[in-house]
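Report on the structure given below.
The values are calculated or read from the model by the stated rules, or taken from the named source; none is laboratory data. Small disclaimer: the values here were computed from a predicted structure and weren't measured. Heads up, the Cβs are rebuilt from the backbone with ideal geometry, glycines too, and the neighbour counts pull from every protein chain shown.
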Amino acid sequence: MTKRFSALAVSAAIAGGLFVTSVPAHAATPAGHGVVSKAAVTCNKNQMRQQIANLKAKAAQLKHLGENEAARKALAEAAAIQRKLDACIKAEDEAAKPFPG
């Protein structure tokens, strides 16, 4: 009786291992799912520059009204967008060209 149980357990383990390793590759979730590569991201430079200008104008107006903390937040947001814009421009400049010329 114990030989049957041990044989059954070994058979189940082998079948389970075979099942796990035979799952198609396209069914597996890719590593880094949800992460977008920099090459796939396109930047709307004009829109980003407009957002930066609007935030800087808003910060100037808030500073004029005495809302210094809100002005600092607006400037920080403008700086963050500027860093994204700079990174986008740098990525485009450093990207490999399909046909070197």
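Numbers at a glance
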read-out: Residue identified as under 26 Å from the mean Cα position of the chain (by Cα) and at pLDDT 90 or above among Lys97, Lys58, Lys84; value: Lys84
read-out: Residues satisfying the stated conditions in the range 61-78, i.e. part of a helix (DSSP H, G or I), of a type in the set (A, V, I, L, M) and loosely packed, with under 13 Cβ neighbours inside 10 Å; value: Ala76
